[in-house]
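One structure below.
The values are calculated or read from the model by the stated rules, or taken from the named source; none is laboratory data. Nothing here was measured: the structure is a model prediction, and the numbers come from that model. As a convention, Cβ positions derive from the backbone with ideal geometry for all residues, glycine included, and neighbour counts pool all protein chains shown.
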Amino acid sequence: MPTKKKLRLMLEPNPNARRRHAPRLDLVPSGPLRRVAKRFGDGAEQWGRDVWRAGLDVDDALNHATVHLQDYADRLRRFRAGERPDPRLEEDDLAAVGWAALVLMEYQDREKR
């Protein structure tokens with residue numbers, strides 16, 4: 001009887017038959033993606049559904065990402081030093097960085113069209 005791995009390989013199409021650079025959405029981790037999606041949803045509630053699509057200043061989006069990345073790094077340093085703040089009071093800074101990255105990529109893609 002084949003092992004689970006061998007059985008899966010027999011049932012799935014040949015992965016080498018896929019286009020070489022096809023997007024592999026199945027490899028994108030769903031947890032972090034949900035956190036970024038929550039960030040989009042929170043922004044939609046506060047500012048309106050598609051306000052970011054109207055075009056934020058690129059420097060503002062970069063600043064947004066930089067501030068949140070620095071806040072995350074500061075919190076990580078405090079954590080390593082033994083501080084344990086209430087996680088319910090913490091903002092999801094990495095989701096904010098992901099939000100900014102996706103927005104910037106969307107703007108970049110628009111310029112290519």
If I go through segment 54-70 residue by residue, how many of them are over 18 Å from residue 90 (Cβ atoms), assigned to a helix (DSSP H, G or I) and in contact with a helix residue (DSSP H, G or I) (Cβ under 8 Å, 6 or more places away or on another chain)? 3
Test result for residue 50, within 23 Å of residue 31 (Cβ to Cβ) and among the acidic types (Asp, Glu): no
Hey, does segment 92-103 have a residue that's over 21 Å from residue 35 (Cβ atoms), touching a helix residue (DSSP H, G or I) at 6+ places or on another chain (Cβ under 9 Å), without any contact (Cβ under 8 Å) to a residue 60 or more places away in the chain and not acidic (Asp, Glu)? no
I need a count of the residues in segment 7-46 that are surrounded by 10 or more Cβ atoms within 10 Å (Cβ to Cβ) and modelled with pLDDT under 85. 4
